[in-house]
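Visitor: Got a structure for you, written out below as structure tokens; questions coming shortly.
The values are calculated or read from the model by the stated rules, or taken from the named source; none is laboratory data. What you see is a predicted model; the values in this text were computed from it and never measured. Heads up, the Cβs are rebuilt from the backbone with ideal geometry, glycines too, and the neighbour counts pull from every protein chain shown.
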Amino acid sequence: MTILHKSAGIFIVSAKRCAFGAFGKTLKNYTATDLAEIVSKAALKASSISAENIDHVIFGNVIQSSKDAAYLARHVGLRVEIPVHVPAVTVNRLCGSGFEAIVQAAQQIISGDSKVVLAGGTESMSQAPFAVRNIRFGSQLGVNYEFEDVLWQGLIDQQIKTPMGITAENLGEKYKITRQEADEYAAKSQQRWRLANNAGYFKSEIEPIKIKGKKGAETLFEVDEHPREVSAEQLAKLPPVFKYNCTRS
């Protein structure tokens, strides 16, 4: 996403995304940095703004799943040929990290520190690794070291030992959202996606990605992978995930 300042205000002059990939599916071999690079190049091209005119790079990223995650925003800038001297920062505000990047880009412009900023959010949950804790300085005989699912543990607030799904349940109880209301909203969301996709509304924002098949043939990945045909009645038959006898998830 390229954000530009003019005398009349701050403008998003171009915005691109890749199609959403389902967990462990088509995009599983792409790092968050790879995905950010692809859409950043597309956004710059669509904006007709040269990479040399970018004053700052800001990207949101949550679970830091790739090996170069600590340098993510910096690597994106370098990969799209933004000059070496241009600063970059990676931000984390959980699910709002991409929005936080846009907010900070606007603040950069308002303060006069930047005129044009490349900002966005990127994530690859499929690339989240497993970890083995407490063996860096040697292992002990008889100790059972276990693999830790970094993705699952990252979705649990370790301070209060509460998974994100339970937070959704708690909010549902607080605001009296019934299972039926949740199912109807979820089904309607899927239906709205289908109507918008079939009408071609997403084509201008999605940057196709060339995917090599097992036999070397290339296909274009350009349609969101997760949405499916579903009804509220079908959703109502699914068992709860996070809480026994819950009414919302």
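Visitor: Of (1) acidic (Asp, Glu); (2) in a loop (DSSP other than H, G, I, E, B); (3) touching a Lys or Arg at 6+ places or on another chain (Cβ under 9 Å), Glu100 satisfies all except one. Which?
Guide: (2)
Visitor: With respect to Lys16, is the statement that it is crowded, with 16+ Cβ neighbours inside 10 Å and of a type in the set (Lys, Arg) true?
Guide: Spelling it out, Lys16 is indeed crowded, with 16+ Cβ neighbours inside 10 Å and of a type in the set (Lys, Arg).
Visitor: Okay, moving on. Please specify each residue of the stretch 190-227 satisfying the condition of being among the charged types (D, E, K, R) and surrounded by 11 or more Cβ atoms within 10 Å (Cβ to Cβ).
Guide: Result: Arg192, Arg194, Lys203, Glu205, Glu207, Glu222, Asp224, Glu225.
Visitor: Sticking with this structure for a sec: Tell me, which residue of the stretch 22-47 that is among the small types (Gly, Ala, Ser) and farther than 21 Å from Ser97 by Cβ is surrounded by the most Cβ atoms within 10 Å (Cβ to Cβ)?
Guide: Step by step, filter the stretch 22-47, then rank; the result is Ser47.
Visitor: Ok, one more. Taking the stretch 228-243, which residues are surrounded by fewer than 14 Cβ atoms within 10 Å (Cβ to Cβ) and hydrophobic (A, V, I, L, M, F, W, C)?
Guide: Residues satisfying the conditions are Ala236, Leu238, Val241.
Visitor: Do any residues in the stretch 105-128 that are in the same structural domain as Pro83 (by TED's automatic domain parsing) and under 11 Å from Ile54 (Cα atoms) have Cβ atoms under 6 Å from those of residues that are among the charged types (D, E, K, R) and in a loop (DSSP other than H, G, I, E, B), where the two are at least six apart or on different chains, and which pairs are they?
Guide: Here the result reads Ser114/Asp55; Lys115/Asp55; Val116/Asp55, each pair linking the stretch 105-128 to a residue that is among the charged types (D, E, K, R) and in a loop (DSSP other than H, G, I, E, B).
Visitor: Checking the conditions here, which among Ser189, Ser139, Ser111 is within 30 Å of Ile82 (Cα to Cα) and among the small types (Gly, Ala, Ser)?
Guide: From the options Ser189, Ser139, Ser111, the qualifying one is Ser111.
Visitor: Quick check on my filter: what residues within the stretch 48-61 are touching a residue at least 24 places away in the same chain (Cβ under 8 Å) and surrounded by fewer than 21 Cβ atoms within 10 Å (Cβ to Cβ)?
Guide: Ile49, Ala51, Glu52, Asn53, Asp55
Visitor: Filter the stretch 142-163 down to residues that are aliphatic (A, V, I, L, M) and free of Cβ contacts under 8 Å to residues at least 60 places away in the same chain and give me whichever is farthest from Val86 (Cα to Cα).
Guide: Selected residue: Val143.
Visitor: Quick check, is Ile166 more than 20 Å from the chain's Cα centre (by Cα), over 30 Å from Val223 (Cα atoms), in contact (Cβ under 8 Å) with a residue 60 or more places away in the chain and assigned to a helix (DSSP H, G or I)?
Guide: yes
Visitor: For the stretch 116-151: of the residues being assigned to a loop (DSSP other than H, G, I, E, B) and either among the β-branched types (Val, Ile, Thr) or at pLDDT 95 or above (or both), which is surrounded by the most Cβ atoms within 10 Å (Cβ to Cβ)?
Guide: Per the criteria, the residue is Thr122.
Visitor: Being crowded, with 20+ Cβ neighbours inside 10 Å and in contact with a helix residue (DSSP H, G or I) (Cβ under 7 Å, 6 or more places away or on another chain) is the filter here; which residues of the stretch 70-80 pass it?
Guide: Answer for the stretch 70-80, where residues must be crowded, with 20+ Cβ neighbours inside 10 Å and in contact with a helix residue (DSSP H, G or I) (Cβ under 7 Å, 6 or more places away or on another chain): Leu72, His75, Val76, Val80.
Visitor: Which members of the stretch 191-236 meet the condition of being of a type in the set (Gly, Ala, Ser) and part of a loop (DSSP other than H, G, I, E, B)?
Guide: Across the stretch 191-236, the qualifying residues are Ala199, Gly200, Ser204, Gly213, Gly216, Ala217, Ser231.
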